[in-house]
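Derivation of every value follows stated rules applied to the coordinates shown; laboratory data play no part. Computed from a predicted structure; not experimentally measured. We place every Cβ from the backbone using ideal geometry, glycine too, and count neighbours over all the protein chains shown.
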Amino acid sequence: MNASPRIDIADRNIGMADGRRRQAGAMPNPTIGFEIDNFAPGNSENVGGAETTLMLSQLIELGGKRDARVSAALGDADAMKWEKDATRLELLSETTLAFVEALSVQRRIQILERQAATLERLVPLMQRRVDAGASSPSEVTRTQTAVGVTRLERERARLAFAVARRELTGLMGRDLPAFTSVSGDFNRLVRPAPLEVLIKAIDDNPQLMRWTAIRAQRDGELLVARLKPIPDVTASVGWRYYSDTQQSAVRLGVSMPFPVLDRNRGGIQEAQENSRKAHAERASNRLALITVVAKAHDTATNQLIQLDLIRKTILPAARQTYATIETGYGQGRFTVLEILDAYQTVADAELKEHEALTSFHSAVATIEGLTASPVNVTRAR
């Protein structure tokens, strides 16, 4: 987390927002001016009557414009803080998903290696039958082909693991992987809380919490737009020097715009719509998060059902069938096609179990990332 550039970017955004907040409270700079009247170069008669004026002017904002700007800037700063929390949560979720993928591919490699070893143990048995004239040499060839296909899948899985390692390394803020394997208990299963509980937890997600700050920011911008037509006063004080009499005088002045042609109606309308849009944007964001968490909840629940079915029914039956056929094959009661088919059924069931585990843990990681809390309500069998 500390090494991620995304967190550093979020910190910089917070610093920028704080700078905007400070600048919003700054008062306008005074203006200094210098004038010479009745001055005509090359005409000595007029030069003697020149009047020199030195003016100092200050814009005085009325109607609370400065406070409105500060209010909008405070909302912006709060939104950036929530944005950092959201970024942190997203990074944790993405890292967990990347870790699950790496662990999944690593486990798939182990399964394929075990399956290849099982097939290789069949080759001597088949070779003995061929040597005894009880089987065709093609049985050995078919088995060796099955071994080759399994090894090919293993090599593909190794490539996928290399990719998963690099993705996980990038999320860890490193250039190159500093690890060769990952470790975790893929068989640790927990049952997610009811969907209604997860939906309530969604409201505490930083992605939604930041909309309160965004709404405050936009309300402040709306107030700024409404106050803009209120004319500001420019007060000035000056010193005038008369060349012909060699006397000086103090000059005072006050000016303000006459708000007749521009009442900022378009700017007010835009700010109003932008403020109202925040409510709809939050609602849209919330529905999107609920859709994702509901899909993840359904996936996790369904995968638990599938795992229960695979482990209690499919895998035991497939392994029992394979053991029976393997024993009978040595006695000449089954063909090579039957034993390879029985083996493939076991292999498919093992990979389906693995896929269900991967899908389950990915769904749990998604739920945890959206609810900002670990899924540990009840342990599933």
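The dipole here belongs to the chain: it is taken about the Cα centre, uses +1 on the Cβ of Lys and Arg and -1 on the Cβ of Asp and Glu, and is about 1220 debye. Of the chymotrypsin sites (Phe, Trp or Tyr not before Pro) found in region 179-268, those in coil by DSSP whose Cβ has at most 13 other Cβ atoms within 10 Å are Phe179.
Each Lys or Arg adds one and each Asp or Glu subtracts one; over the other residues with Cβ under 15 Å from the Cβ of Ala363, this totals -2. 3J(HN,Hα) along region 95-106, derived from phi through the Karplus expression 6.51 cos²θ - 1.76 cosθ + 1.60 where θ = phi - 60°, amounts to 5, 5, 4, 5, 5, 4, 5, 5, 5, 5, 5, 4 Hz, with x in place of Gly and Pro. Pairs exceeding 32 Å between alpha-carbon atoms, taken from Lys65/Lys200; Lys200/Lys312; Lys81/Lys228: Lys65/Lys200; Lys200/Lys312. Can you find, among Ala160, Val260, Phe360, the residue farthest towards the positive end of the dipole of the chain? Put +1 on the C-beta of Lys and Arg, -1 on that of Asp and Glu. Selected residue: Phe360. The relative contact order of region 5-379, computed from alpha carbon pairs under 8 Å that lie at least 6 residues apart in sequence, is 24 percent.
Using R0 = 30 Å, the C-beta based FRET efficiency linking Val149 and Met172 works out to 0.30. The angle separating the long axis of helix 315-330 from the principal Cα axis of greatest extent in the chain is about 40 degrees. Counting charges near Thr53 (Lys, Arg +1; Asp, Glu -1) among other residues having Cβ under 10 Å from its Cβ returns a value of -1. Show that you can apply the helix-only estimate: for the chain, add -39,500 (n - 2.57) for every DSSP H stretch of four or more residues, divide by all residues, and state [θ] at 222 nm to the nearest 500. Mean residue ellipticity at 222 nm (helix-derived): -24000 deg cm²/dmol. In this rough spin-label picture, where each label sits 7 Å from Cα along the Cβ direction, the Lys65-Gln23 distance is 1.7 nm. Classify region 147-198: rounded, prolate or oblate, from the alpha-carbon gyration tensor (a ≥ b ≥ c, eigenvalue square roots; a/c under 1.5 rounded; otherwise prolate if a/b is larger than b/c)? It comes out oblate by the Cα gyration axes.
Based on Cα contacts under 8 Å between residues 6+ apart, region 289-381 shows a relative contact order of 46 percent. Available extension along the chain between Ala132 and Ser373 is 80.4 nm, counting 0.36 nm per residue and deducting the alpha carbon span. Using the Cβ of Val123 as centre and a radius below 14 Å, the other residues enclosed give a net charge of +1, where K and R count +1 and D and E count -1. Between rounded, prolate and oblate, where does region 5-379 land on the alpha carbon gyration tensor, with a ≥ b ≥ c its root eigenvalues, rounded for a/c under 1.5, else prolate if a/b exceeds b/c? The shape class here is prolate.
With both labels modelled 7 Å from their Cα along Cα-to-Cβ, the Lys295 to Glu120 distance reads 4.1 nm. Per-residue Cβ neighbour counts within 10 Å put Thr301, Thr313 in the sequence Thr313, Thr301, beginning with the fewest.
Projected onto the charge dipole of the chain (+1 at Lys/Arg Cβ, -1 at Asp/Glu Cβ, origin at the Cα centre), which of Ala178, Met80, Met209 gives the Cα projection farthest towards the positive end? Farthest towards the positive pole: Ala178. Distance from the alpha carbon centroid of region 178-218 to that of region 80-146 works out to 31 angstrom. The ranking of Lys228, Lys312 by Cβ neighbour count inside 10 Å, starting from the fewest, reads Lys312, Lys228.
Can you give the FRET efficiency for Met55 and Asp262, using 1/(1 + (r/R0)^6), R0 = 25 Å, r = Cβ-Cβ distance, to the nearest 0.05?
Efficiency, rounded to the nearest 0.05: 0.45.
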